[in-house]
Amino acid sequence: MILSKENIKSIDLDYLIDEKIKSDNLKTILIVVPTNRKLRILKKEVITLSPRQVTININIETLSTLAKKVLEQSVNSHELSEAASAVFIEQSSQNIEMKYFTNYKGAIPSGTLERISNVISKYKEEGITPNILRREAGELSKSEKLKALDIANIYVEYNEKCFSLSAFELGDVYQNLVNLKQEQFCMDFRKLFEHVETVVIDGFNEFSGLELSLINKLTNTKNLKLFINFDYSAYNSMIFSHLEETYEKLHKLGFNKVEDKSKLGDSHFVDSIKKELFLKTSNKKNEKFNDKLICISAATREKEIEYIAKEIKQKLNSEKIQPHEICVTFKLINNYSSIVRDVFNVYGIPFNLTDRISLDQTLSVTAIISFLEIEESDYYYKNIVRSMSNSFIEIEDFDIDTFLYAAKSLKIIVGRDNWSFNLTSAIKNLELHTENRNTIRIEKYRKTLEDLKKLDDLLHPFKKKLSPSNFVKELNNLIQKLKVASKLLVSNNENKENDIKSLTTFLHSVEEIFYLIESEDRNKTYTLSFYLDKIRTLSQSARFNIKERSDYGALVTNIDEIRGLTFKYTFLGGMIDGDFPTKYQPEIFFSGSFAKNERHHLNEERYSFYQALKSWSKALYLTYPD
């Protein structure tokens, strides 16, 4: 379905875009797509189709990148990362008097904190303010009211912190753009897209309230035509009913249906599922696509991935297809990512896995945190053992076995002074005797004292209060002295690329957060415990994945990432209740009318299935573990 405010009856968007490419006139069109992956793939396609396969001024954006670029023209801001957002939410929660979360005694658990952060981010994107939340709270029962008010108060504190630092989430970017006067918005847009005459918004199914306001602002830009290719059909409510609200909102903004004259249109398969999927229109089965749809059942998830790997291997060997023409997709990819890594490596299948990894699951980051925890815990022996057992920590000639021997023999558990006193006393007592056995023990205790001195030298800068910038400086020095980076570079670990990316992501997140904190008060200094609290929060919140290698391997990803993409073969895995469709688990921190009900959840799951069904051209495999 194509929607527009233009007074025309029909349009062929495919022909329009094709003509722009062939005439090397891409500067006059802006294409907006739903995902960064679609953006990258579309750019490659445009370059391939362009004369001489070279072009400039390819105006392809996502809504978020478009919004950020336009806002940058008139507002100086810093893009707030997930990790920084989580840290600031934590700080905000500590600055208010809790009513609902009182049981946490000032320290909300990291999982709860992450959910609150996600909820507030969603509120921002929908344009739901703290005042709206407070009004909603007045209609709720006592406990729900207290919960809503606590979240609203955290939201207020968080907003004040973000705006004082000009550190914006996506919802803040949208809100700032919507608040711009139309004249200023048009000027900022034209600075970036001076020659654009047509905007095509393609591949979206839902828009937030602020996204709709942004799109409406675009339509009011002079000499600009805008078209939305909206994947919606009123004929099958079992798939599209949750999109009716978005369609009605677009209609109220003045968007009307325009006939789609594209020759491509939907395939017979897509046309059939649009009309018949989930509807009991007939008891007769549609057998047109039997040879294209293959079901595979397996005893376990591991066997399921093995069957997929065998099928992919057979196709790569017998057919003239490239690995990147194959997609393996799941609704809950985290249930399968580790299995895919193991099995695909065994079968020698190149792959691009897009599952995002949390920093606290990587050895290089946990190595740094655990080493700093030695000082924080006052040399608690278990922290020392855990840290020095990490393969990414290297202190020359440090003997962990001798260290453990001394701790066990002298029953030393914690306390830097305690270590020194007990070891020194033991050495003096043993020196009164001359037996060989005592000589060995003396040597071991002296070695432990030497190793403690090595720890002291490395941790000395963190014994005093530091400004955030000085902490970042000392942390970088420590990482260099521990040779974490150099060990990453020379390792033969199959996860080497992940480990390198985790360290760079960690350092970037640390710099961002602590420089923002310092900008609040440049003269303030903090203890190591303060910094470690923030680092532990960011390591649980920050996620990363390695850079995708173009046209390298089979894409292994979640269903949302393949919107608008087509592969020769698609494997849709995890087709069991609980995985897909996922179990309805309401987000308990959404308040009242903002909470998503079970019916809406089920409709979204059906639509995700419909999107996956559209992603193949030769065959679709549906797989599931029994």
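For region 520-544, a tally of residues being closer than 30 Å to S337 by Cα and not aliphatic (A, V, I, L, M) returns 9. Inside region 305-325, residues that are outside any helix (DSSP H, G or I) and either hydroxyl-bearing (S, T, Y) or open to solvent by 40 Å² or more (accessible area, probe 1.4 Å) (or both) make up a count of 3.
Conditions tested, residue by residue: (1) out of contact with any strand residue (DSSP E or B) (no Cβ under 7 Å at 6 or more places or on another chain); (2) more than 30 Å from F101 (Cα to Cα); (3) surrounded by fewer than 20 Cβ atoms within 10 Å (Cβ to Cβ); (4) modelled with pLDDT under 95.
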| site | (1), (2), (3), (4) |
| --- | --- |
| G138 | yes, no, yes, yes |
| L146 | yes, no, yes, yes |
| N153 | yes, no, no, yes |
| S166 | no, no, yes, yes |
| M187 | yes, yes, yes, no |
| N205 | yes, yes, yes, yes |
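Would you confirm whether any residue within region 62-77 is outside any helix (DSSP H, G or I), in contact with a strand residue (DSSP E or B) (Cβ under 8 Å, 6 or more places away or on another chain) and either more than 20 Å from R563 (Cα to Cα) or open to solvent by 80 Å² or more (accessible area, probe 1.4 Å) (or both)? Yes, region 62-77 contains a residue that is outside any helix (DSSP H, G or I), in contact with a strand residue (DSSP E or B) (Cβ under 8 Å, 6 or more places away or on another chain) and either more than 20 Å from R563 (Cα to Cα) or open to solvent by 80 Å² or more (accessible area, probe 1.4 Å) (or both). Looking only at region 87-112, residues that are modelled with pLDDT under 85 and either assigned to a helix (DSSP H, G or I) or under 17 Å from E169 (Cα atoms) (or both) come to 6 in all.
Residue-level check: of (1) farther than 16 Å from L478 by Cα; (2) touching a residue at least 60 places away in the same chain (Cβ under 8 Å); (3) over 17 Å from the mean Cα position of the chain (by Cα); (4) open to solvent by 50 Å² or more (accessible area, probe 1.4 Å), L332 misses just (3).
Is it fair to say K614 is among the basic types (K, R) and free of Cβ contacts under 8 Å to residues at least 12 places away in the same chain? For K614, the condition - among the basic types (K, R) and free of Cβ contacts under 8 Å to residues at least 12 places away in the same chain - is not met. The residues of region 111-170 that are aliphatic (A, V, I, L, M) and under 21 Å from the mean Cα position of the chain (by Cα), listed by number, are L113, I116, V119, I120, A167, L170.
What about K124, is it within 27 Å of C186 (Cα to Cα) and not aliphatic (A, V, I, L, M)?
yes
The residue list S318, S297, S338 contains one member that is of a type in the set (G, A, S), touching a helix residue (DSSP H, G or I) at 6+ places or on another chain (Cβ under 9 Å) and over 12 Å from F571 (Cβ atoms), which is S297.
So is I89 under 27 Å from I535 (Cα atoms) and buried (at least 21 other Cβ atoms within 10 Å of the Cβ) or not? Taking the combined requirement at face value, the residue satisfies it.
Answer yes or no as to whether L16 is at pLDDT 85 or above and either surrounded by 14 or more Cβ atoms within 10 Å (Cβ to Cβ) or under 27 Å from D551 (Cα atoms) (or both).
Details: at pLDDT 85 or above: yes; either surrounded by 14 or more Cβ atoms within 10 Å (Cβ to Cβ) or under 27 Å from D551 (Cα atoms) (or both): yes.
It is true that L16 is at pLDDT 85 or above and either surrounded by 14 or more Cβ atoms within 10 Å (Cβ to Cβ) or under 27 Å from D551 (Cα atoms) (or both).
Those strands (runs of 3 or more DSSP E) of region 526-626 in which at least 1 residues are surrounded by fewer than 16 Cβ atoms within 10 Å (Cβ to Cβ) and either at pLDDT 90 or above or not hydrophobic (A, V, I, L, M, F, W, C) (or both), considering only elements entirely within it, cover 616-625.
The numbered conditions (1) in contact with a strand residue (DSSP E or B) (Cβ under 7 Å, 6 or more places away or on another chain); (2) open to solvent by 50 Å² or more (accessible area, probe 1.4 Å) are all true for E302 except (1).
Applying a threshold of 6 Å to beta carbon distances and a minimum spacing of six or more residues, or different chains, the list of pairs starting in region 292-304 at a residue that is assigned to a strand (DSSP E or B) and ending at one that is open to solvent by 70 Å² or more (accessible area, probe 1.4 Å) and among the charged types (D, E, K, R) reads S297/D626.
Based on this model, can you work out whether V365 counts as open to solvent by 30 Å² or more (accessible area, probe 1.4 Å), of a type in the set (A, V, I, L, M, F, W, C) and either in a helix (DSSP H, G or I) or without any contact (Cβ under 8 Å) to a residue 40 or more places away in the chain (or both)?
no
Being outside any helix (DSSP H, G or I), farther than 26 Å from N256 by Cα, open to solvent by less than 40 Å² (accessible area, probe 1.4 Å) and in contact (Cβ under 8 Å) with a residue 12 or more places away in the chain is a description that does not apply to I21. No other residue among S4, S50, S10 is modelled with pLDDT under 85, open to solvent by less than 60 Å² (accessible area, probe 1.4 Å) and among the small types (G, A, S) apart from S50.
The values are calculated or read from the model by the stated rules, or taken from the named source; none is laboratory data. On a predicted model such as this, the values are computed, not experimentally measured, just so you know. Glycine also receives a Cβ, built like all others from the backbone with ideal geometry; neighbour counts cover every protein chain displayed. Note: areas computed on protein heavy atoms with side chains; ligands, DNA, RNA excluded. Shrake-Rupley method; radii C 1.70, N 1.55, O 1.52, S 1.80 Å.
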